[in-house]
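Shown next, in structure tokens, is the structure this report addresses.
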Amino acid sequence: MQIFNLFSRRLKEESGEVPDTFQYDDIPYELRVQVVHIMDDGLGSEQDYHESYAYGDTRGIYKDLTSILRREYGVFHLTGEKYRDDNERLELINFLLLEEEVTKVLDVVELVCRAFEKVTDQWPGKFTGQAETLISELNFRFKERGVGYRYTSGSLVRIDSDFSHSEIVKPALSLLRDRKLQAVEKEFLDAHAHYRVGEYQDCLTDCGCSLESMMKIILEENGVVGIEKMAASKLAKTLFDRGIAPKELQTQFNSLQSLITSGVPTLRNKYSAHGHGARPIKIPEGIAAYCINLTATTLLLLHSFR
């Protein structure tokens, strides 16, 4: 649906009321309602629900989504007896509107976006381009409300800077959709998933794994063997020793190797890869955010070597 530049929106922009930083601990009610409108456009409205009966149509899609969430949360009904409804669509909507735990609301948003993409794949003639349009609107609504999450490459990711996401993380995710890089993509998306829920130790570990996987893939593509147990520093050294880096970059050999071996791997080793001893190490959120952006930048660099 077209986003209208209403007078009230223009007035807020002119008066500086539009959020210029992101927050992550609250999903405003207005945003939840907007998600419901977008969901109705992509998966079907109340009327569609009552008029459809075959599996795979509106009713079947809502049934699948609620069944996934009930099973994962270990409940018989998402909203409890107090708000119990007679159909899965209303159950999902009430859960989306009433749930206090932000991560669970985000679970719904992520599943709905995946359902958009599934519907487009199943009925391309009828829904061509619809998933992309709806997801673009959803991302816009999140940004407009100052909520720092964006759906991309099949998952919700947390963003701290719209610039770094659009200029660094998003291009990296786009490149990683290559079928040969599925392992790298999964590890990088896992890092985002851990970051989103505050599991920063696991975030750093996954960042390091994604870089090691990328280097191993590049070396394998170049016929290098015996790399399975190599550490990140050894992988990087082999990458440069074999001349896989473009010749015009050889003068920057030292700085390039330093970037790859002393950036993300060092952060991972310091904060997450070893035992914490009697005193658990508290990893600062800023370190995790920096690590994700540094990982994305390095993945882009490594990809240019292929």
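Find out how many positive minus negative residues lie around Ala288, taking Lys and Arg as positive, Asp and Glu as negative, among other residues whose Cβ is under 10 Å from that of Ala288.
-3
Ignoring everything but the protein chains, give the 1.4 Å probe accessible area of Lys237 in square angstrom, nearest 10.
Roughly 90 Å² of Lys237 is accessible to a 1.4 Å probe.
Order His50, His192, most accessible first, counting only protein heavy atoms with a 1.4 angstrom probe.
Putting His50, His192 in descending order of accessible area: His50, His192.
Using a probe radius of 1.4 Å on heavy atoms only, what accessible surface per residue do you get for the range 168-234? Whole Å² is fine.
Per residue, the range 168-234 has 47 Å² of solvent-accessible surface.
Using 0.36 nm per residue of separation minus the Cα-Cα distance, give me the extension gain between Phe7 and Asn222 in nm, one decimal.
Length gained between Phe7 and Asn222: 71.6 nm.
What net charge do the residues around Ser45 carry, taking every other residue with its C-beta under 13 Å from that of Ser45, with Lys and Arg at +1 and Asp and Glu at -1?
-4
For His50 and Ser304 in one chain, what is 0.36 nm times their gap in residues minus the Cα-Cα distance, to one decimal in nm?
86.3 nm
Using modelled backbone amide H atoms (1.01 Å from N, in-plane), which distant-in-sequence or interchain residues come within less than 5 Å of Val147's amide H?
Close amide H contacts, sequence-distant or interchain: Gln23.
The values are calculated or read from the model by the stated rules, or taken from the named source; none is laboratory data. Everything numeric here is computed off the predicted structure, so don't read it as measured data. Virtual Cβ from ideal backbone geometry, glycine too; neighbours counted across all protein chains shown. Ligands, DNA and RNA are excluded from the accessible area calculation, which covers all protein heavy atoms including side chains. Shrake-Rupley method; radii C 1.70, N 1.55, O 1.52, S 1.80 Å.
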